[in-house]
Every structure is written in C-alpha cells, then in structure tokens.
1. Can you find even one residue in the stretch 309-318 that is of a type outside the set (D, E, K, R), modelled with pLDDT under 95 and more than 28 Å from Asn362 (Cα to Cα)?
2. Scan Val356, Val296 and give me the residue that is modelled with pLDDT under 85, within 23 Å of the chain's Cα centre (by Cα), hydrophobic (A, V, I, L, M, F, W, C) and outside any helix (DSSP H, G or I).
3. Could you check the stretch 589-607 and list, in sequence order, the residues that are within 27 Å of the chain's Cα centre (by Cα) and closer than 13 Å to Ala541 by Cα?
4. Hey, could you check the stretch 247-266 for residues that are in contact with a Phe, Trp or Tyr (Cβ under 7 Å, 6 or more places away or on another chain) and not in a loop (DSSP other than H, G, I, E, B) and say which is farthest from Asn308 (Cα to Cα)?
5. Could you count how many residues in the stretch 536-570 are in contact (Cβ under 8 Å) with a residue 12 or more places away in the chain and either more than 20 Å from Leu593 (Cα to Cα) or hydroxyl-bearing (Ser, Thr, Tyr) (or both)?
6. Do you know which residues across the stretch 83-122 are of a type outside the set (Gly, Ala, Ser), in a loop (DSSP other than H, G, I, E, B) and in contact (Cβ under 8 Å) with a residue 60 or more places away in the chain?
7. Filter the stretch 169-226 down to the residues that are open to solvent by 30 Å² or more (accessible area, probe 1.4 Å), charged (D, E, K, R) and touching a Gly at 6+ places or on another chain (Cβ under 9 Å) and list them by number.
8. Restricting to the stretch 517-575, count the residues that are among the hydrophobic types (A, V, I, L, M, F, W, C), more than 30 Å from Gly74 (Cα to Cα) and outside any loop (DSSP other than H, G, I, E, B).
Amino acid sequence: MTQIIFPLFWLWIGWQPLWAQLPFQVEDITDSLGLSSAWLPRSGEFRPWEAFHGRALAFDFDRDGDLDLLLTAGPRWADSLSLGSNRFYRQDDSGWVDITVSSGLDSLPPASSGAVGDIDGDGFLDLYLCMLGRDYLLRNESGRTFTDITDTAGIYNPYWSTAAVFLDADHDGDLDIYVANFIRIDRFDSLECYTADQPQRTFCSPELYPAAPNRLFINNGAGRFLDATAGMGAADTTSRSLAVSLLDADADGDLDLFVLSYRSPNLLYLTAPGSSWREAGLASGLAFSPEGTEPVWSRAIPMDADLNGAVDVLFLQPGGPMRLLLNDGFGHFFPGQYQSGLFHPLKTFHATGGSVVDLDFNGTLDLLLTDRIASGLISASDPEGHFPRVLLSTAQGRFRALEAAVDFRLDTTLLAPRKLREDTIKSPVRLVGDSLGALQGPPAAGHEAVDFGLVQPSGLEGYMSAAARSSDLSPFDFGITVQEQGYDTITVHQEPDDFVIADLTGDGIPEIVASYPVGLIRVWRLVPDELPTYLGLFPRADQPGATLVGAQVTVTFGDRRLRRPVVDHNPLLFYFPAGTGNVNVEVLWPDGLVNHYAAARLNGYFTLDRRDQER
C-alpha cells in the first residue's frame with residue numbers, strides 16, 4: 001500500500017500551483033482621465049447582437065508619440081439614436097480630449113471592434129471599423145480627421161463582422177485586410193428563444209443562424225482593395241468567426257492567420273511567399289479541442305508559454321477548463337496545461353477572457369484572466385477557492401497563481417430602489433432605474449418602474465436572473481440585500497469580459513482597459529511595488545512598400561535574448577532586471593532587411609526607423 005500512496009502523494013504535490021505574492025495593486029482611473037464609454041440600452045427583445053459589446057482600441061492617431069483611445073459601443077444596427085455612440089479620445093499635453101466629432105466618427109454607427117494600419121505609407125494609421133451590416137474603411141488625414149473611403153477603396157462586407165487585422169497577405173510590401181464574420185442576420189430577425197427551466201425569453205444560440213463568410217481584401221497599392229478570398233485559398237462558409245490573430249505558427253518567419261470560431265472548426269492559414277494560403281487547422285491540431293469536440297471557445301491567446309521560441313495557443317471557454325496547446329516548433333500543437341502549471345486535480349482553472357502582459361516585469365509574459373461566469377460565485381478572498389486571475393510565468397515555462405485575487409469587478413453601481421409597501425411584500429421586486437443596463441430593457445413609456453424577473457423578496461439573496469444563467473454570452477451576478485428601512489438595494493458585481501493592455505500614460509507601466517458585458521469600458525492603473533526597468537520600441541516603416549507588420553524585434557542584454565513579432569502598430573514593451581546596462585536591438589523586417597540599433601538609455605521609448613542602407 002505504501003508503494004501506491006507515496007507516488008500518488010508526490011504526483012498530487014506536483015500538480016499544485018506555486019502560489020506567488022501579489023507584486024502590484026490596481027485602481028480605477030477612468031474618471032480621473034476624463035474617459036467615458038457610451039451605454040446603449042437593450043431593446044428587451046434579446047436580439048443576438050445585444051449580447052455583444054464594444055472594445056477598446058489604442059493607437060497613435062496623430063503621430064505625436066503617445067497612444068490615443070477609441071472605445072467602440074458594440075454591434076447595433078445603424079439608426080439615429082445610435083449614431084455617434086463610439087467614443088474617440090486624443091491624448092495631448094492637457095490630458096485626454098474627446099475628438100469624436102472633430103475626427104468625423106460622430107456620424108458612424110456603433111462598431112463591434114476595429115483595426116488600424118497604414119494602408120498608403122504616409123505614416124498615419126488608417127482605421128477599419130467592424131460593423132453589423134456594413135463595414136467602414138477610414139483614411140487618416142494627417143492626424144486631424146478621418147475620411148470615409150469605403151466605397152472608393154472597393155471595400156464591401158455586408159455581414160456582421162466581429163474582428164479584422166491588417167497584414168501583408170501577398171508579400172508585396174503594403175497592408176491588406178482580413179475580416180472575420182460571424183452570422184448572417186437581418187435587423188428584422190423575428191426568431192425567439194426561451195429558457196428550458198422557466199418560460200423566460202433569452203438569447204438564441206448563434207448555431208440557429210447560417211455562418212457568414214470571411215473576407216480577404218488585397219491592397220493593389222493604388223488606393224483600391226480587391227476581394228481575393230477565394231483566389232488566396234481563404235474561402236470558408238462554415239466558420240462563425242469570433243476573433244482573428246496573427247502568429248507565426250510554423251516558425252518560418254512569416255505571420256500566419258488564426259481564426260477562432262463558434263462551435264465550428266477553428267481555421268489556421270499558413271502563409272508563405274507567393275499568392276496563396278494553406279488552411280492547416282485540422283493538421284496542426286488547432287481546429288478542435290484536444291478531446292475532438294467543438295466547444296464554445298470564448299478567447300484564444302497566442303503566447304510562448306513554455307519559452308521555447310515557438311508560439312503556443314491558450315484557449316478559454318465559458319464554464320469549462322482552459323486548454324493550453326503547445327507548439328512543437330513545426331506548427332503541430334498538443335495539450336500542455338499539465339506540465340505548464342495550468343492543471344490541478346481538485347479544481348478547474350476557469351477563464352472566459354484574458355490577455356498576456358508582463359505583470360512582474362521580469363521579461364516573461366504573464367496571464368491576466370477573467371471569468372465573467374464563475375468568479376462571482378466563489379469567494380475572492382480565498383486563494384484555494386477563487387479562480388487564478390493572475391498567473392505569473394517563471395523562467396522554466398511554468399505558471400504560478402497569485403495568492404490574492406485582483407478585483408476588477410464593477411461593484412459600485414446601485415440600482416435605485418423603490419420602497420416596498422406592505423401589500424406588495426409577496427409581489428415581484430420593482431426597480432426605478434437601471435444605471436448599468438443589467439435589465440433587458442428600459443422602463444416602458446408611462447411606467448415608473450420595471451419588474452425584475454420573478455424575484456420574491458424572501459428569496460433575494462444570491463439571486464441570478466434566468467436570462468443570465470441560460471446565456472454564455474452575457475451573464476450577470478447580482479448581490480442583493482434588503483435594508484431595514486424597507487428599501488431593496490441591488491448591486492451589480494460584474495466581471496470584465498476581456499482586457500486590452502496598453503501603456504496609455506507613457507510611463508512604461510501598462511494600463512488595463514477592461515470591457516464589461518453591460519457595455520461599459522473602464523481603465524485600471526497598474527501600481528507595482530517597485531518601478532520597472534523597461535524599454536519601449538516603436539518600429540516604423542512609413543513608406544510605400546515597406547510594411548512593419550510581420551517584423552521580428554530581438555532585444556539582447558547579457559546572455560539573454562527577448563524576441564517579439566510585430567503584429568500591430570503599437571509599441572513593444574520589454575522589461576529587464578534592475579541594473580541592466582547595455583541593450584542591443586535588432587529588427588528583421590518582413591522583406592529580409594536587418595537593422596541594428598543601440599539603445600542609449602533604458603526607461604524610455606525609442607522609434608526604430610527603417611534604414612534601407614543596411615540591406
């Protein structure tokens with residue numbers, strides 16, 4: 001018996017995560033920055049697009065060296081009430097300024113998300129907005145305003161697009177556009193769905209709608225884009241696409257394209273010099289879960305989890321365990337959560353959203369996670385009970401969970417109460433207002449209150465609405481207490497749906513822009529115990545025929561090398577041990593040109609201009 005117990009005991013010990021101390025605090029600085037996101041009330045009809053919300057997009061609009069911020073409002077059909085609901089803020093010497101009107105974005109419908117890229121090589125970033133019904137391509141006019149060039153550029157995408165990326169798909173030096181589309185649906189959709197346990201209306205599953213085909217638009221270099229989806233081998237009619245990522249899956253130096261799908265096989269397009277792509281989702285092991293099923297993945301995070309130089313993919317899903325697929329270096333992926341510290345035999349590590357960011361400033365990327373479903377049901381003060389919100393990466397390619405939970409919940413907004421009369425004690429609770437949009441619709445005209453489900457005052461505590469429990473797209477967690485004065489106070493404890501990481505203040509410490517299912521976006525400041533030693537790098541190739549997307553940036557110090565691909569136009573942040581001296585930087589541009597730079601000092605940002613003479 002001893003020979004059996006002891007090996008199992010040590011195996012269980014090896015599974016336990018190594019709990020790490022919290023090396024930072026967070027604080028909500030949204031109001032102090034003067035930022036606000038628009039809230040679009042729901043119709044109460046449970047339209048599929050109302051289960052999705054907006055995203056944050058940080059980029060340098062006016063080319064002044066700091067980041068500006070676009071806050072999209074989420075997919076909605078264009079109407080007079082929703083126009084101008086996106087918010088665009090420019091950062092200047094006086095702070096953050098709302099330039100939604102002056103930039104020309106006030107006349108556009110609310111967007112699902114967006115992507116930026118310099119399509120004409122003038123050094124100013126242009127904007128592609130993903131919409132519900134018709135996308136927009138906007139040209140940046142020298143950092144002053146945007147001009148709608150959608151029609152003249154030949155862009156036509158009438159579907160519900162969820163994400164887009166700029167990339168050089170045909171290797172001619174300028175940026176093309178890949179658009180991920182979700183489902184085919186019209187604004188007069190009349191499909192109704194109800195919960196199984198209670199006769200309450202809820203969101204219909206996207207599987208009830210046909211998939212919308214994705215699109216690849218090729219830049220001809222003369223201001224026009226051609227639909228080359230079929231010609232490049234990227235035609236697909238089965239994928240309900242939720243997100244798209246750029247990564248070098250097969251380690252050949254060229255960026256490939258990964259498309260996350262809803263209950264359909266994920267897509268991996270391998271690119272190479274030439275005029276076509278090869279779809280390798282099934283062959284690579286990324287098309288399905290390791291069990292061979294099609295789960296409801298909510299997020300896919302490319303990262304080098306085991307620090308072997310090959311990009312891996314972490315999959316997150318509502319109500320289920322996260323899955324890490326490690327890359328063998330040749331584009332073949334296999335389960336790796338067991339050896340990476342992401343598995344425990346006694347509890348499941350859940351997450352529905354997250355990002356990679358170096359939270360302890362040691363040079364390796366960590367995981368910042370959120371679970372909008374499970375976290376509200378588990379005590380956040382118990383390290384053995386809460387899900388690991390922060391996982392710090394070690395130099396051995398394993399992850400350690402923080403001892404303390406980092407709280408990003410919206411828990412300060414109260415729904416205004418209405419005093420209960422003695423004759424209504426047994427009737428449903430009625431609320432005067434809804435400041436977060438947690439209810440499915442605003443009070444009807446002429447009514448001062450709305451019924452809040454079928455909640456009885458005697459059973460308020462721990463209540464979660466049936467609509468929340470039935471939908472994996474927009475659940476809510478309510479903490480409810482009955483005050484002695486006879487008022488009902490309902491506090492919405494809502495987890496972020498996802499994070500965008502960007503150094504908005506330019507101090508080398510990234511801010512965390514969190515988006516919430518109610519449609520709000522909040523900015524959280526990371527307050528570390530010790531100031532980091534960092535280097536911020538802006539690769540720049542603002543000339544026609546010399547794109548920077550796909551470049552490889554390598555930073556060398558001592559005997560260590562840190563390498564990152566350039567997948568967008570935001571700066572790359574590298575962190576170093578205190579006392580680090582000389583740092584050398586190398587950029588391998590997509591066309592094979594290599595530039596070398598010597599950083600004069602750390603703790604600052606530098607622009608890496610392309611130098612043709614070093615070819």
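1. yes
2. Answer to the selection: Val296.
3. Trp589, Pro590, Thr607
4. Leu260
5. Number satisfying all stated conditions: 8.
6. Pro110, Asp118, Ile119, Asp120, Asp122
7. The first filter runs over the stretch 169-226 and keeps only residues open to solvent by 30 Å² or more (accessible area, probe 1.4 Å), leaving 170-172, 184-188, 190-192, 194, 196-201, 205, 207-208, 210, 215, 220-224, 226.
If we keep only those that are charged (D, E, K, R) too, we end up with 170, 172, 184, 186-187, 192, 197, 201, 207, 215, 224.
Those that are open to solvent by 30 Å² or more (accessible area, probe 1.4 Å), charged (D, E, K, R) and touching a Gly at 6+ places or on another chain (Cβ under 9 Å): Asp170, Asp172, Asp186, Arg187, Arg201, Arg224.
8. 7
The values are calculated or read from the model by the stated rules, or taken from the named source; none is laboratory data. Everything numeric here is computed off the predicted structure, so don't read it as measured data. With ideal geometry, Cβ positions are generated from the backbone for all residues, glycine too; neighbour counts draw on all protein chains shown. With ligands, DNA and RNA removed, areas are computed over all heavy atoms of the protein, side chains included. Shrake-Rupley method; radii C 1.70, N 1.55, O 1.52, S 1.80 Å.
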